[in-house]
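A short reminder: the numbers here are calculations on the coordinates, not readings from a lab. Computed from a predicted model, the values in this text were never measured in an experiment. Note: ideal-geometry Cβ built from the backbone for every residue, glycine included; neighbour counts use all protein chains shown.
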Amino acid sequence: MPEQQAAEHQSNPAEEVGAFLRERREQIAQRWADAALLRTVFTVSRDEAVEAARTVVEALAAVAASGRVADSEADGFAVVREQLARTAQSRARAGAGIAQISAEMDALRPPVTDLLLDELSDAPAEHLRECTTALTVLMGTLRLVMLETTMNAGQDLINRQRLELLEIATPVIKLWEGIVAVPLIGTLDSARSQVVMEILLDAVVEQHARFAILDITGVPTVDSLVAQHLMKTVAAARLMGAECIVSGIRPAIAQTIVHLGIDLSSVLTRASLADALAYALQEQGDHIVPNPASAVEPR
Amino acid sequence: MTHSTGSVSACLPIHSDLDLVRVRQHVRQMTAHLGFGLVEQTKLVTAASELARNALVHGGGGQMECAPVTTGGIRGLRLVFSDQGPGIADLEQALSDGYTSGEGLGMGLGGARRLVHEFSIDSRRGVGTTVAVTSWISGPPRPREAH
Ligand SMILES: Nc1ncnc2c1ncn2[C@@H]1O[C@H](COP(=O)(O)OP(=O)(O)OP(=O)(O)O)[C@@H](O)[C@H]1O
Ligand SMILES: [Mg+2]
């Protein structure tokens, strides 16, 4: 390619793509507003879709101008991350999976490529190829940024649900005057056991409980950390004036605790929640009289 | 000779509390699948929980390799926990009950050793720690008696 001809065009294809995007921002935004991705998100107002598209085109132009078309961490993308995240969330809520969102992102590329080809119709073939490659890479990076935000949104949702679960899964049941029970279900990690301890101590205070039963039937694994949490909870309850009983230690878990070498002798344990309740009632001096009709043999 | 049956071996990352849950679930599923009894399942899962947590807390994260093994027709499960953490300066001390450099009970390492049939540990200061454990479906295989 003769040198003078090359000099007519900007030397850096990425920069040229940046300039092109800025110039054609309006046209691109109009076309994107009708693409599936934005149409399905901005169902009410097309103007909003155009506006959203404009900011994305601007961000792309900034990234291209900086020459970092392949860098998903480029500053230009920072501006649109939040907007992309909202778009992705909205698509995900509508039931679109990652693959579909990815395909919809991909569909944004052809309209821009067409415009670029138009614009460069009399540029040398080599230059045209470099520019379209830069644009393709840039759009690929945008798609990556979008997918990243989609997955982060998914992770946020999971984390939030996990936090919610921490609280929902720890109900306090008042079994009797002065006796509360907390049936534990699931993993008792450090965060969870902190919540359990707080909820239990609150209940002890509020209900003036003398006995608190921690039922671990639903806890799959009792290792040294879980055992330590249980002991701490028991000790804290004791300081509040309540006796804590741990119930629901299954035989396999009991054997495992023994092999592990953990000494739970400082903890009052009972095989089942019913046994724990019976113990607490007896200690309180409440007597449950069996129904005479069922206790007495019919004559 | 003990050899890996290969087909369903797996490698799980240990970088978060959530990974610990996955490790336990994986070991539970594998032991159940291989036909371990409930007590042996619970023991191995608990040992895995201790060793994975040590890799996470003391080793700064690592991984668990899990592979079914057989020897003399007896099936078992072998778990290898490795990290690139600070290593353990005094193994005997670390294995003794009640020793902790943090705020734990100090029962994890020694307890894990008691919960499994085979236990080996290799730790180098500044390089990392690798703990390998194996449990067999019905007790450790006995060496064939010489006639
Ligand atoms: N993977 C490891 N890397 C470095 N140090 C370790 C590792 N595993 C164990 N240790 C050291 O050995 C000590 C004893 O471990 P052990 O698991 O018995 O107790 P712990 O983790 O402190 O408490 P817990 O009873 O809650 O497990 C630890 O405190 C730590 O100093
Ligand atoms: Mg430990």
Checklist entry - Placing +1 at every Lys and Arg Cβ and -1 at every Asp and Glu Cβ, with all other atoms neutral, what dipole size does region A:2-154 have around its Cα centre, in debye to the nearest 20? => result 820 debye
Checklist entry - Can you give the Kirkwood hydrodynamic radius for region B:3-136, in Å, rounded to one decimal and based on Cα pairs? => result 14.7 Å
Checklist entry - Tally Lys and Arg at +1 and Asp and Glu at -1 over the other residues with C-beta under 12 Å from the C-beta of B:G76: what net charge comes out? => result 0
Item to check | Signed unit charges on C-beta, dipole axis of chain B, positive-most listed residue B:V21, B:S120, B:Q41 | outcome: B:Q41
Checklist entry - Can you tell which of A:D263, A:D215, A:D202 shows the greatest fluctuation in a Gaussian network model of chain A with Cα springs below 10 Å? => result A:D263
Item to check | Exercise: per-residue mean of other protein chain Cβ atoms within 10 Å, A:259-266 | outcome: 5
Item to check | Cβ neighbours within 10 Å from other chains - mean over B:104-116 | outcome: 5
Checklist entry - How many nm is it between the label spots at A:A36 and A:K174, if each spot is 7 Å from the Cα in line with the beta carbon? => result 5.6 nm
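Can you tell me the dipole magnitude for the protein assembly as shown around its Cα centre, using point charges on the Cβ only (Lys, Arg +1; Asp, Glu -1), in Debye to the nearest 20?
Roughly 1740 debye, rounded to the nearest 20.
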Checklist entry - Taking each residue of A:47-58 in turn, how many C-beta atoms of other protein chains fall within 10 Å of its C-beta, and what is the average? => result 0
Checklist entry - Roughly speaking, what is the stretch gain from A:S45 to A:T113, that is 0.36 nm per residue apart minus the C-alpha to C-alpha distance, in nm to one decimal? => result 21.9 nm
Checklist entry - Among A:G261, A:H229, A:A274, which residue has its Cα positioned farthest towards the positive end of the charge dipole of region A:173-287, with +1 placed on the Cβ of Lys and Arg, -1 on the Cβ of Asp and Glu, and the dipole taken about the Cα centre? => result A:G261
